[in-house]
Each structure stands twice: as structure tokens, then as C-alpha cells.
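Every read-out reported here was derived from the displayed coordinates using simple, explicitly stated rules and does not represent laboratory data. Just so it is clear, the structure is predicted and the values come from calculations on it, not from any experiment. For neighbour counting, all protein chains shown are included, and Cβ atoms are generated from backbone atoms with ideal geometry for every residue, glycine included.
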Amino acid sequence: MNTLARLIFIMLIVTLAMPFSAGARYPRGSILTGTVRSVDVLARSVVFVEDGGAIRKFVWTSYAQLWRDGIDSSPSTLKPGMRVRITLHNPLFGEDSVSQMVLLPSSTKADTRSGK
């Protein structure tokens, strides 16, 4: 039994002497640009169409920010047809969520042809 106690003590010392190299990165979201298709304010969900054509549904978090002309605004002011740039997070469990939205000026083909 004395040998078992010594073995456990040596294993404990070796374990504590090893350096801990665990680290974590702050999760960064994917930045996407597109148009809002529909908004459900009660469920805090948005259906979003990417510029590439993919349709995504996500919710905005309680701490989400909507930037309008450099001013922080409430995400509940989103309306269908608005162009936004979002920071989308895809968690392992749960729905996709957004932490930041930036309202972009809407550009139409007529504006780009006329040089405006």
C-alpha cells in the first residue's frame, strides 16, 4: 500500500508540473451582405437573402446592435427591403444569431447607370 501511495503522489506531482496550454479564441462571426426579406419582431427573427442568392433565417441576440448612419439603433426597426451587412454566428446548438447589423444605402440599377 505504501507503493501505491507513492505512485499516486508521483503522478500528482508530474500532472501539476505540466504546463497548461489551453487557450480559446473569441468567436468571430461571418460577415454577409444582403437584403432583409421579412422580420418578426416578437420572435426577433429575420429572413435574409444574401447577395449570392442564398436565403438565411436567423435571430438577433438581446445585445445585438443595428448601426444606422453611425448611430446605434434598435434592431426592431428593420423593415423588409433594407440592405444590411450582418455578423452571423453559427453555433453548434441552437439557431443562427446575429450580433451586429449595419444598414447600407440601397442601390438600384438605375442609380448605378446614371452615375449617382
**Prompt:** Going by how many other Cβ atoms sit within 10 Å of their own, how do SER73, SER30, SER45 line up, fewest first?
**Reply:** SER30, SER73, SER45
**Fill in**
Once ALA17 and ASP40 are pulled to full extension, the length gained, defined as 0.36 nm per residue separation minus their Cα-Cα distance, is 2.9 nm
**For TRP60, TRP67, order by how many other beta-carbon atoms lie within 10 Å, fewest first** = TRP67, TRP60
**From phi via Karplus (6.51, -1.76, 1.60), per-residue ³J(HN,Hα) for segment 55-69 in Hz, x at Gly/Pro** = 9, 10, 10, 8, 10, 9, 6, 5, 9, 5, 10, 10, 9, 10, 6
**Prompt:** In degrees from 0 to 90, rounded to the nearest 10, what is the angle of the helix 2-17 Cα long axis to the longest principal axis of the chain?
**Reply:** 30
**Message:** At a 10 Å Cβ-Cβ cut-off, how would you order MET101, MET11, MET82, fewest neighbours first?
**Reply:** MET11, MET82, MET101
**Prompt:** Among (i) 14.5, 50; (ii) 30.6, 90; (iii) 24.4, 90, which one is Rg and Dmax of the Cα atoms in Å computed from these coordinates?
**Reply:** (iii)
**Prompt:** Can you list the trypsin sites (Lys or Arg not before Pro) in segment 1-106 that are in a DSSP coil and have 10 or fewer other beta carbons within 10 angstrom?
**Reply:** ARG25, ARG28
